[in-house]
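Q: Structure incoming, see below.
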Amino acid sequence: MTESEPETTPVLALEGVSKSFGAVRALRGVSLRLYAGEAHALAGENGAGKSTLIKTLAGVHRPDTGQVLLDGEPVQFNGPADARDAGVAVIYQEPTLFPDLSIAENIFMGRQPRRSMGRVDHRSVRGAADALFARLGVALDADQPARGLSIADQQLVEIAKALSFDARVLIMDEPTAALTGSEVARLFGVVRALREQGTAVLFISHRLEEIFDLCERVTTLRDGGWVSSEPVAGLTEDDLVRRMVGRDLAELYPKQDTELGEVALDVRRLTREGVFTDVSFQVRRGEIVSLAGLVGAGRSEVARAVFGVDRFDGGEVEVLGRRLKPGAPSLAMHAGLALVPEDRRAQGLVMDMSIERNIGLTGFAETTRAGLMNRGAERSRSLDWAVRLQVKYSRIADVVGTLSGGNQQKVVLAKWLATNPQVLIVDEPTRGIDVGTKAEVHRLLSSLAAEGVAVLMISSDLPEVLGMADRILVMHEGRLTAELTRGEATEETVMAAATGRVNREGKAA
Amino acid sequence: MTLTAPPVAEDAPAEGAARRRFIDKVFKARELAVAAVLVLMLLATQLSNTEFLSRQGITDLLLNATILVLVATGQAVVVITRNVDLSVGSVLGISAFAAGNYLQGGGSSLVAVVLAVGLGALFGALNGALVSLGKVPALVVTLGTLYIVRGIDSIWVGSRQITADSLPDGFVDFGHNGIWVVPYLALLAGAVLFCVGYYLRSYRSGREMYALGSSPEAAQLAGIPVRGRIMTAYVLCGALAGLAGALYLARFGNVDSATGSGYELTVVSAVVVGGVAFTGGSGTVYGAALGALLLTSINSVLPAIGVSSVWVTAINGILLLLAIAVDRILALRVAAVLRKQAARMRSARHA
């Protein structure tokens, strides 16, 4: 494999880098070479060490052994500022902006153009930001505060930041996890342009097709160790998955055929002013219905309103024939509804609490007697579900925040499945989790449906929507624009409806 | 579709700009609102008691506010970095005594002020070191130093007291005289306020304080020297508390071991009433100064309109809650506007 590498010196490289955190060996002798004008993918399951590797390149972590090489010369980054000065720009998974400051200030923080006596030249800061956005071809107002920007726009701000100091190396940690198709296309356009100008790109994504789409070379990590570095050309997705998990993967979308039962969830003319309008649909027992659409189309908002987290202005929700009182999640839970929220860190879990306690949160009614907690009952209930979902942990009392993303997602699922729901709403169930866990989650959803649970799945991952759903509802700007059966649905038909090019009857508008 | 697309795309930024102006106004209005309440209150009082805004009345208002304005300025800087300094009352007390003790021994006024500022900066550095290196919540750390400094003060001062007649005349006069209606002390506080405000707005390190208050994690990743900036904020806050101690001595001439007790809560109220968000990253020192002016003015307003001054603390409390409520409502409004704007931009882009 080495013979296929360019003759030139890599712009930035790691040679035999190891890094441990306490007893955990996050990286073991990993090497990586980034060349100018080349997009390099970093593949691996959650917990394989990708984030640690990035943070080593970014100067956040210092390697225990091994070297970071800049233009072939060993360097030591003592902090993110050093890496930045060396021309390394990092776009983290969760954009790191200052919400209270303007977009322009966000881009130039710490590097603002100055006028006499070291004062910040606010006018040229704004001018330079406008120029960057013009170059990127996006209409963002540089004076606007970063608060309230969509994730896609936040990422554009990060890219503008990278452009602003003529980064020689651009590192992107799962930039596409929260983006829609068109936003991904725009991002890739920008990245390709940068690459052609000679920027070295390191790209991480759980969406394999993106790796094949954008990158020339891929390095795979498994359990902190280096597995391979090779050109993407000639590889298949299966090859890559095999390198990542070290085994063949059972089918990624194990959809079982199920008997459809009675209507379990009936939503009629649900409206919330300015958020979604006139949303009606049904989900039957044994059915997986997917709610597709662009981010911001109002899908999660519908789910939240159905579950009673948010109020709605009109319409009604029935679960198993019983009408739900709006704005009352505890009654919804009682009626057999469960909602696995979109953001597991902020909404799904209490990050500082143990696995046991997190799962126990939904079960106080069962595990409490005369107002007192029965810790033993809570423990066995949690253990039962953690084992059933194959959560990987060393002790059930481990703090949830220390688990990998995929395992955290399993804990959220366990927490809600423990309530024995008849209708399960899952919002982006596999966002940011690795292929192996993803397949497990899919298998779980499929077997739940087979047991007669009605599943409503919100997802921005089109292959997942197409692979798992019996029926697909597509939303566009707060309205349902299409209802497609498994047979009718293709990437094209779903995207057409999601972007509003088709009305509900399926005719072109 | 393609025919309608261009106008939509052109409209979006204009719409965005209009929304942005609204948001700007809302934030600026935060300081304007405090100023408006202050002016209304003073005018109303003047109407019911024409003696209120006499020359002496205005001078008194400014004198009363001076010390709180200084300490609130320092506190605002700390709060902007998403920390808090509860030890300012104790630091003010001990610096005032240190300056007085030195002056009683026949020292020069200028050195006494420098001494107070230096002592304050020293305690500020201690706070800064504990907060930034120890990574302990500022609330707890500075509550600790509040008691420690007050303890040192009590042991050192004992039952001694500094009185105005033991201080040099020049120093005491400086505390009472001024140019026309404006006391020297207020001029000094105003100059300090302006310098700190200008620093926060126009220097990289000042902007970095806003940045790290807005998002500490992002600040770390952006390579901002977080510890250094927190340290600077605390040293500045301590130094201003020390300066306020020296001015306290000049104004009142009377310092004992209880000077400045409980002052930290007044200072924090002033800062919050003035629109500096406790969550960091927003607000200005000018707002904090207006908040300080508002709170101290109430002390003068109530007797002038014949209300017992026992109401002062209750009214301060109400103002504080009102300020927080207004902040919350504004935050929700702004969030709603931004959301609509984002949705509009998005639909324009997809059209």
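The values are calculated or read from the model by the stated rules, or taken from the named source; none is laboratory data. Please read all numbers here as calculations on a predicted model, not as lab measurements. Counting neighbours? That spans all protein chains shown, and the Cβs are built from the backbone with ideal geometry, glycine included. Calculation scope for accessible area: heavy atoms of the full protein, side chains included, ligands and nucleic acids excluded. Shrake-Rupley method; radii C 1.70, N 1.55, O 1.52, S 1.80 Å.
Q: How much length would be gained if the chain were fully extended between residue B:195 and residue B:56, taking 0.36 nm per residue of separation minus their Cα-Cα distance, in nm to one decimal?
A: Result: 47.3 nm gained on full extension.
Q: Please state the relative contact order of the stretch B:124-223 as a whole percent: Cα pairs under 8 Å, 6+ residues apart?
A: Reported as a whole number, the value is 9 percent.
Q: Taking the alpha-carbon set of the stretch A:114-195, what are its Rg and Dmax in Å?
A: 13.9, 47
Q: Using the basic label-point model (7 angstrom from Cα toward the beta carbon), what is the residue A:278 to residue A:94 distance in nanometres?
A: Taking the two extended label points, one gets 3.9 nm.
Q: Follow-up. R0 = 41 Å: FRET efficiency of residue A:131 with residue B:322, Cβ-based, nearest 0.05?
A: 0.40
Q: Of the DSSP beta bridges with both residues in chain A, give the percent that are antiparallel, rounding to the nearest 5. Display every interim value, and only then the final one.
A: Working: 46 of 82 bridges.
Approximately 55 percent, going by the DSSP bridge assignments.
Q: Given Cβ point charges of +1 (Lys, Arg) and -1 (Asp, Glu) and nothing else, what value in debye, to the nearest 20, does the dipole of the protein assembly as shown about its Cα centre take?
A: Details: 84 positive and 87 negative charges, 297 e Å.
With Lys and Arg at +1 and Asp and Glu at -1, about 1420 debye.
Q: Work out from phi, with θ = phi - 60° and the Karplus expression 6.51 cos²θ - 1.76 cosθ + 1.60, the ³J(HN,Hα) of each residue of the stretch B:156-166, listed in order in whole Hz, and give x for Gly and Pro.
A: Once rounded to whole Hz, the list reads 5, 6, x, 9, 5, 8, 9, 10, 4, 6, 8.
Q: Give, as ranges by residue number, the residues of the stretch A:196-237 whose backbone N falls under 19 Å from the point 7 Å along Cα→Cβ of residue A:18.
A: A:221-228
Q: Going toward the positive end of the dipole of the protein assembly as shown, with +1 on Lys and Arg Cβ and -1 on Asp and Glu Cβ, which of A:449, B:113, A:365 do you reach last?
A: Final value for the positive-end residue is B:113.
Q: Would you mind checking which residues have amide H under 5 Å from residue A:77's amide H? H placed 1.01 Å from N; only 5 or more apart, or other chain.
A: none
Q: Once Lys and Arg get +1 and Asp and Glu get -1 on their Cβ, which of A:429, B:128, A:308 lies farthest toward the positive end of the dipole of the protein assembly as shown?
A: Going by the Cα projections, it comes out as B:128.
Q: Suppose R0 equals 35 Å. What FRET efficiency, 1/(1 + (r/R0)^6) with r the Cβ-Cβ distance, do residue B:125 and residue A:330 give to the nearest 0.05?
A: Plugging the Cβ-Cβ distance into 1/(1 + (r/R0)^6) gives 0.10.
Q: Taking beta carbons within 10 Å but only from partner chains, what does the mean come to for residues B:208-220? Working shown, then result.
A: Values: counts 4, 0, 5, 8, 2, 3, 11, 8, 1, 3, 11, 5, 4.
If you average over the peptide's residues, the count of other-chain Cβ atoms is 5.
Q: Nearest 20 debye, what's the magnitude of the dipole of the stretch A:279-323 about its Cα centre given +1 on Lys and Arg Cβ and -1 on Asp and Glu Cβ?
A: Values: 7 positive and 6 negative charges, 35 e Å.
Dipole size: approximately 160 debye.
Q: Can you give the charge dipole size of chain A about its Cα centre, rounded to the nearest 20 debye, using +1 on the beta carbon of Lys and Arg and -1 on the beta carbon of Asp and Glu?
A: Around 1440 debye, computed over chain A.
Q: Return an integer: the convex hull volume of the alpha-carbon atoms of the stretch A:344-420, in Å³ per residue.
A: Residue-normalised Cα hull volume stands at 81 Å³.
Q: Near the amide H of residue A:290, under 5 Å away, which other amide H atoms are found, from residues 5 or more places off or on another chain, if H is placed in the peptide plane?
A: A:457, A:470, A:471, A:472, A:473
Q: Can you give the FRET efficiency to the nearest 0.05 for residue A:347 and residue A:490, using r as the Cβ-Cβ distance and R₀ = 30 Å?
A: Efficiency, from the Cβ-Cβ distance: 0.40.
Q: Now for a separate question. Does the stretch A:315-383 classify as rounded, prolate or oblate by the C-alpha gyration tensor (a ≥ b ≥ c root eigenvalues; a/c under 1.5 gives rounded; else a/b over b/c gives prolate, otherwise oblate)?
A: Oblate is the answer for the stretch A:315-383, as a/c is 1.5 or above yet b/c matches or exceeds a/b.
Q: Which whole number gives the average count of other chain Cβ atoms within 10 Å of the Cβ atoms across peptide A:112-122?
A: Counting Cβ atoms of other protein chains within 10 Å of each residue's Cβ and averaging gives 3.
Q: If you restrict to DSSP beta bridges whose two residues both lie in the protein assembly as shown, what percentage is antiparallel, to the nearest 5? Each step should come with its number before you reach the end.
A: Working: 50 of 86 bridges.
If I count the DSSP bridges inside the protein assembly as shown, around 60 percent turn out antiparallel.
Q: Then there is this: At a 1.4 Å probe radius, which order do B:333, A:243 fall into by accessible area, largest first?
A: If we order B:333, A:243 from most to least accessible, we get B:333, A:243.
Q: Whose amide H sits under 5 Å from the amide H of residue A:222, counting only residues 5 or more places off or on another chain, with H placed in the peptide plane?
A: So residue A:222 has HN proximity to A:227.
Q: Restricting to the stretch A:407-509, compute how many DSSP beta bridges are antiparallel as a %, nearest 5.
A: Bridges in the stretch A:407-509 are about 60 percent antiparallel.
Q: How much solvent-accessible surface does residue B:195 expose, in Å² to the nearest 10, with a 1.4 Å probe and all protein chains in place?
A: We get 80 Å² for residue B:195.
Q: Residue by residue through A:150-163, how many Cβ atoms from other chains fall within 10 Å of the Cβ on average?
A: On the way: counts 5, 0, 3, 4, 0, 0, 0, 0, 0, 0, 0, 1, 0, 0.
The per-residue average across the peptide is 1.
Q: A further question on this structure: Nearest 100 Å² is fine: what is the total accessible surface buried where chains B and A meet, probe 1.4 Å?
A: About 3100 Å² of accessible surface is lost on pairing.
Q: Now for a separate question. Considering the convex hull of the alpha carbon atoms of the stretch B:2-345, report its projected area averaged over all viewing directions, in nm², one decimal.
A: Numbers: hull surface 82.7 nm².
Its Cα hull, projected and averaged over all orientations, spans 20.7 nm².
Q: Hey, which of these cross-link pairs are over 18 Å Cα-Cα: A:19/A:50; A:19/A:55; A:255/A:438; A:50/A:161; A:392/A:438?
A: A:50/A:161
Q: Could you work out [θ]222 nm for the protein assembly as shown from helices alone, using -39500 (n - 2.57) per DSSP H run of at least four and dividing by all its residues? Round to the nearest 500 deg cm²/dmol.
A: -16500 deg cm²/dmol
Q: Continuing with this model, one more query. Quick one: order A:109, A:333, A:117 from most to least accessible surface, probe 1.4 Å.
A: Largest accessible area first, the list is A:117, A:333, A:109.
Q: Another one. Restricting to Cα pairs below 8 Å that are 6+ residues apart, what does the relative contact order work out to for the stretch A:1-136? Please round to a whole percent.
A: After rounding, I find 19 percent.
Q: Specify which residue in the list A:320, A:8, A:189 is farthest towards the positive end of the charge dipole of the protein assembly as shown, using unit charges on the beta carbon of Lys, Arg (+1) and Asp, Glu (-1), about the Cα centre.
A: Sorting the options by dipole projection puts first A:320.
Q: ³J(HN,Hα) across the stretch B:110-119 via Karplus (A = 6.51, B = -1.76, C = 1.60, θ = phi - 60°), whole Hz, x for Gly/Pro?
A: 4, 4, 4, 5, 4, 4, 4, 5, x, 5
Q: Between residue A:257 and residue A:64, what is the label-point separation in nm under the 7 Å Cα-to-beta-carbon projection?
A: Result: 5.4 nm between the two label points.
Q: For chain A, calculate the relative contact order in percent as a whole number, restricting contacts to Cα pairs under 8 Å that are 6 or more residues apart.
A: 15 percent.
Q: I've got another one for you. Please check which bits of the stretch B:101-120 a label hung off residue B:166 would reach, taking the label as a point 7 Å along Cα-to-C-beta and the cut-off as backbone N under 19 Å.
A: Inside the label zone: B:101-113, B:115-116.
Q: Then there's this: Could you give me the ³J(HN,Hα) list for the stretch B:312-319, computed from phi with Karplus coefficients 6.51, -1.76, 1.60 and θ = phi - 60°, whole Hz, x at Gly and Pro?
A: So the Karplus estimates, Gly and Pro as x, are 3, 5, 4, 5, 4, x, 4, 4 Hz.
Q: Sort B:290-301, B:264-275, B:154-165 by the packing proxy (mean of other Cβ within 10 Å over each peptide's residues), most packed first. Write out the running numbers ahead of the final one.
A: Values: B:290-301: 23.2, B:264-275: 25.1, B:154-165: 13.7.
Output ranking for B:290-301, B:264-275, B:154-165: B:264-275, B:290-301, B:154-165.
Q: Only residues of the stretch A:83-109 count here: report those whose backbone N is under 19 Å from the spot 7 Å along Cα→Cβ of residue A:166, or say none.
A: Only A:83-90, A:108-109 pass the distance filter.
Q: Viscosity 1.306 mPa s, temperature 10 °C: what is the translational diffusion coefficient of the protein assembly as shown from Stokes-Einstein with a Kirkwood Rh over Cα pairs, rounded to a whole number of µm²/s? Display every interim value, and only then the final one.
A: On the way: Rh = 30.5 Å.
Roughly 52 µm²/s, to the nearest whole number.
Q: Could you tell me the center-to-center distance, by alpha carbons, between the stretch A:71-123 and the stretch A:460-474 in angstrom?
A: Here the answer is 40 Å between Cα centres.
Q: Further, regarding this structure: For chain B, what is the accessible area per residue in Å², given a 1.4 Å probe and the full set of protein chains?
A: Here the residues of chain B average 44 Å² of exposed surface.
Q: If you don't mind, another one. Mind jotting down the distance between the C-alpha centroids of the stretch B:40-71 and the stretch B:242-306, whole Å?
A: 14
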